[in-house]
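**Student:** Pasting a structure below so you can have a look.
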Amino acid sequence: MKTLLTGGAGYIGSHVAVALVAAGHEVVCFDNLSNSRSEVIERLETITGRTIPLVVGDIRDREAVRAAIADHDVQAVIHFAGLKAVGESVSEPIKYYDNNVRGTLAMIEAMIDCDVKTLVFSSSATVYGQPQYLPLDEAHPTSATNPYGRTKLMIEEMLADIAAADPAWRIAVLRYFNPVGAHDSGLIGEDPSGIPNNLMPFISRVAAGRLPELSVFGNDYDTPDGTGVRDYVHVVDLAEGHVAALDAIAAGEAPLGIWNLGTGEGYSVLDMVASFERVNGVNVPYRIAPRRPGDVASCYASPDRARDELGWAAQRGLDAMCGSSWTFERTLAMRNAKQGSDE
Ligand SMILES: NC(=O)c1ccc[n+]([C@@H]2O[C@H](COP(=O)([O-])OP(=O)(O)OC[C@H]3O[C@@H](n4cnc5c(N)ncnc54)[C@H](O)[C@@H]3O)[C@@H](O)[C@H]2O)c1
């Protein structure tokens, strides 16, 4: 199948591109490069040994998406494009509703223009809000605690209405837990601009000396060591989950399915720091800071539905997550040093 990856130059999209090519699919990336660089596509070509077309465009531009689908004869879309910084969504909500919600609507209209109705959507465990029970299964009630989460929830609801109105749709809603790690090559990974919002790139930058110390937000939660517990899932496992979901919906009868992509294991912030130090032989200095508003004590998935219905389960453990993150950080440092000496 030939698949358009909106946000395909980003962290998760780039890993999914690799997994799809490895599984025999063809991919086309569509990205406005607002949070990524076109060099990622060159690295994808190095990893896969294939030419990967990049269309530079915005999902809010219905005609640009339509042209990308039609020109490349695409049969399915995996929709990663979106803004994802929770704090920024609180201070700039309109930007998030415009980019994520309006963008998704324009993209769906473009898909309908081309009669392409197979869609995989990047949702998030954030749609579960404050957990009422653990592990979180797909039947857990949904709610939003910030505008970013609300955009994910609004899109999920929009997709449910669209699938109910037209059963020709084949939609997979994938609720990611906490994606971390990188491809073993070190060529692609999570490289946010500015101060990272997510734990793993923060840890990597502290270990590399690019940031002085890690702030651990709260050590008085009701968890074994008092720090927040999350379900970290290796991005390469997550990517393979997309291949499984795409294959399942394309072969299936249901217009819409929802699946958690997580491991079912919870690790605390201090577990992550200790593992990163042990696996990579580095130091990660940290200090305890006040809790952040909106953070929950513990959040981890029931991955049973994905196992039973998609035949997917995460294979890679904490050591691989920490090791590959560090490999990526060092590759990045070498590349930056080389670029500096070339200039
Ligand atoms: N990384 C996580 O922790 C996480 C967790 C849950 C869900 N998600 C969701 O997964 C998706 C991918 O996340 P990621 O971590 O790869 O983020 P990312 O920022 O690395 O990738 C998103 C990509 O989308 C592009 N983009 C943004 N707005 C666009 C637009 N209007 N038109 C075209 N391209 C646009 C960006 O340039 C970027 O390349 C997002 O929708 C995010 O909300 C991520």
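The values are calculated or read from the model by the stated rules, or taken from the named source; none is laboratory data. This is a predicted model, so every value here is computed, not measured. Backbone-built Cβ (ideal geometry, glycine too); neighbour counts: all protein chains shown. These area figures cover heavy atoms from the full protein model, side chains too; ligands, DNA and RNA do not enter into them. Shrake-Rupley method; radii C 1.70, N 1.55, O 1.52, S 1.80 Å.
**Student:** So what's the projected area for the stretch 134-244, the Cα convex hull averaged over all directions, in nm²?
**Tutor:** 10.1
**Student:** Could you work out which residue, out of L261, L246, L33, moves most in a Gaussian network model of the chain, that is, has the largest mean-square fluctuation with Cα springs under 10 Å?
**Tutor:** Most flexible of the set in this elastic network: L33.
**Student:** So, one more: Please enumerate, by chain and number, the lysines with C-alpha under 17 Å from the C-alpha of K117, excluding those fewer than 8 residues away in the same chain.
**Tutor:** Counting by Cα, and skipping residues close in sequence, K117 has these lysines nearby: K2.
**Student:** Another one. For the stretch 166-232 and the stretch 112-161, what is the separation of their C-alpha centers, rounded to whole Å?
**Tutor:** Value for the Cα centre distance between the two parts: 19 Å.
**Student:** Over the Cα atoms of the stretch 2-342, how large are the radius of gyration and the largest Cα-Cα distance (Dmax), in Å?
**Tutor:** Using the Cα atoms of the stretch 2-342, the pair Rg, Dmax is 19.3, 58 Å.
**Student:** Calculate the all-directions average of the projected area of the stretch 181-252's alpha-carbon convex hull, and give it in nm².
**Tutor:** Mean projected area of the Cα convex hull: 7.5 nm².
**Student:** In Å, what is the Rg of the alpha-carbon atoms in the stretch 1-143, and how long is Dmax?
**Tutor:** 15.9, 47
**Student:** How large is the dipole of the chain about the Cα centre if only Lys and Arg carry +1 and Asp and Glu carry -1, each at its Cβ, rounded to the nearest 20 debye?
**Tutor:** 620
**Student:** Return one whole number: the accessible area per residue of the chain in Å², for a 1.4 Å probe.
**Tutor:** Ligands and nucleic acids excluded, the figure is 43 Å² per residue.
**Student:** At 1.4 Å probe size, with the rest of the protein present, what percent of the exposed accessible area of the chain is carbon and sulfur atoms?
**Tutor:** Carbon-and-sulfur percentage of accessible area, whole number: 49.
**Student:** So, one more: If you take every DSSP beta bridge fully contained in the chain, what fraction is antiparallel? Give it as a percent rounded to 5.
**Tutor:** Close to 5 percent.
**Student:** So how far, in whole Å, is the C-alpha centre of the stretch 83-106 from the one of the stretch 1-77?
**Tutor:** Between the Cα centre of the stretch 83-106 and that of the stretch 1-77, the gap is 21 Å.
**Student:** Taking only C-alpha pairs under 8 Å that are 6+ residues apart, what is the relative contact order of the chain in percent?
**Tutor:** About 18 percent, as a whole number.
**Student:** Please check: in the Gaussian network model of the chain (C-alpha springs, under 10 Å), which one of C114, C299, C29 has the largest mean-square fluctuation.
**Tutor:** C114
**Student:** Between E39, E213, E277, where does the largest GNM mean-square fluctuation fall for the chain, given springs only between Cα atoms within less than 10 Å?
**Tutor:** E39
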